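Below: the structure, in structure tokens.
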Amino acid sequence: MRLLLLSVFLHYYLLAIILNTRTRTDSFEAPSLSTRTLWSIISSSVLTLFACTYSAIHLNIPSPKDSPGGILLRRLGIMIVALIAPELIITWAMRQWLSARQVTRQFKESEQPDDHGLIAAIVGQLEHVEGEDHDSTFKKLFKDYFSEQSEDYTWTQTHSFFVLMGGFMLYVDEKPYHTLQPDEVLKLIRDRCIDAPNLTAKQIHDKSKGNAISKGLIILQVAWFVMQLITRAIYRLKATQLEMGTLAFAVLSFITYGLWWDKPFDVQCPHPVYWKSTESRPENHIDFNEKDQLATLGILAPVFRPIVEMIGWGDIPTSRKPQVPAFDGSIKLKGLDRVVPPLAGLLISTIFGAIHRMAWFFAFPTNQKQELWSMSVVAITFTPWFSRLLLLTGILVPSIVQFVFSLIFLLMVILYITTRTVLLVFMFTTLRNLPPDAYEAVLWTNWIPHLA
């Protein structure tokens, strides 16, 4: 809804400027221009890139055993992934959003049997009450019951994101034992092995390092960046390759923020859930599977693992590790939801490449660099489609051919990383040869609150 309102605002803003431009006469004065420096171009772009790769990415909860340095390295690694392959981040966010929606439905459906059980318990207590106290006791018990089942404790989308990101840690003998998955939480509650987590959405957001204000300020910065580039295009002022590359990340960050709006940001510690059964152990209720199918790939496993986890292709084992995978993909989607994340990733890669395509005819130091930019744009646009087709057809061929397909897929990954790196380098090196009007800016865009 928030993204829709922002899109409508940008739509009418652009429409108003276009109509204003069409009604110009020869005597119409050009807009007031100001001069910007190379530093202002770099700072506004880098700050927007930071917002798109750091603040927009909502990581899963780390392990209690992770050191601050390890957590920082993990975040830096995911930021590099966001710079190299931002469509994978969108696929990850889309998969988590669909998984959270599915988990929310499961928990809401599971509430009905429990409600009937609690009401039956209330009726059972009334059997021991006689006379005029019966009605007053009935009202008191129901009042207490519904006060405990207030809206604050209703399972929400925020709860689903929280459990998917590793928010509930099972403690056995006062020690962290296992990060609970959504279906495990439901199963253990039904088996009376744990108490239902008594956690409100407000309490979950209190653990988050981001709120609506902080997210809104970042969205405002990204929206300002997009708006001033649209204004430059309308008034035919030159933009830079750095700004066009940043624009591609900005467009993707709007989608990321929308998908992860209800997901807590930068939570460091899970909520403890204590094992209370004295008659059984967790192994009797949870099917632990330590076998990792990706380990058979050997040295290629670190390359394939993030991709497989993000798109949810293949099974991720339920292990005793005290955290969920970095790119959570352990929830099996149902129906058409299974094909939405990979298709969304392919569509995003096309949009990402198309935005870079707009810089084909910008000023480049040499023709060779312009041609290399063009070839790199073609590569990042179509390589994901070819790689996805390779994965789908690889299932239907013999094992020996699958090995060849894996090598080809690895070459596609190397090609994509190389061409993305070329574009990132050119975004900054082309700043040495900018045309004069690239240093001009429409004056009124500087009045909009932003970071620069």
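Each Cα pair under 8 Å and six or more residues apart adds its sequence gap; the mean of these over the residue count of region 205-278 is a relative contact order of 52 percent.
Distant-in-sequence amide contacts of residue 274, defined by a placed amide H-H separation under 5 Å and a gap of 5 or more residues or a different chain, comprise 171, 195. Put the Cα centre of region 235-271 next to the Cα centre of region 182-212 and the gap is 28 Å.
Full extension of the chain between residue 440 and residue 40 gives 142.9 nm of extra length, using 0.36 nm per residue less the Cα-Cα distance. Could you work out the local net charge near residue 167, counting Lys and Arg as +1, Asp and Glu as -1, over the other residues with Cβ closer than 11 Å to its Cβ? So the surrounding residues net to +2.
The amide H of residue 440, built 1.01 Å from its N in the peptide plane, has 36 as neighbours under 5 Å, considering only residues 5 or more places off or on other chains. Residue-wise HN-Hα couplings along region 100-106, as the Karplus relation 6.51 cos²θ - 1.76 cosθ + 1.60 with θ = phi - 60° gives them from phi, are 5, 5, 5, 5, 4, 4, 4 Hz; Gly and Pro carry x. Computed from label points 7 Å out along Cα-Cβ, the spacing between residue 105 and residue 213 is 3.8 nm. Net charge of the neighbourhood of residue 377, taken over other residues with C-beta under 12 Å away and scored Lys/Arg +1, Asp/Glu -1, is +1. Computed 3J(HN,Hα) for region 193-199, one whole-Hz value per residue from the Karplus formula 6.51 cos²θ - 1.76 cosθ + 1.60 where θ = phi - 60°, is 8, 9, 8, 4, x, 8, 9, glycine and proline marked x.
You can think of it this way: the chain between residue 340 and residue 54 has 100.5 nm of extra reach, that is 0.36 nm per residue less the Cα-Cα gap. Rounded to the nearest angstrom and listed largest first, the equivalent-ellipsoid semi-axes of region 156-244 from its Cα gyration tensor are 46, 13, 11. Accessible area ranking (1.4 Å probe, heavy atoms, ligands and nucleic acids excluded), largest first, for 279, 109, 184: 279, 109, 184.
Solvent-accessible area per residue in region 185-235 equals 49 Å², computed with a 1.4 angstrom probe and all protein chains kept. Using θ = phi - 60° in the Karplus curve 6.51 cos²θ - 1.76 cosθ + 1.60, the 3J(HN,Hα) couplings for region 78-87 round to 6, 5, 5, 4, 5, 6, 7, 9, x, 5 Hz; x is entered for Gly and Pro.
Between residue 202 and residue 367, the contour length at 0.36 nm per residue exceeds the Cα-Cα span by 53.8 nm.
The values are calculated or read from the model by the stated rules, or taken from the named source; none is laboratory data. The structure displayed is predicted, hence computed values, not measured ones. Note that we place each Cβ from the backbone using ideal geometry, even for glycine, and neighbour counts take in every protein chain shown. Areas reflect the complete protein model, heavy atoms only, side chains present, ligands, DNA and RNA absent. Shrake-Rupley method; radii C 1.70, N 1.55, O 1.52, S 1.80 Å.
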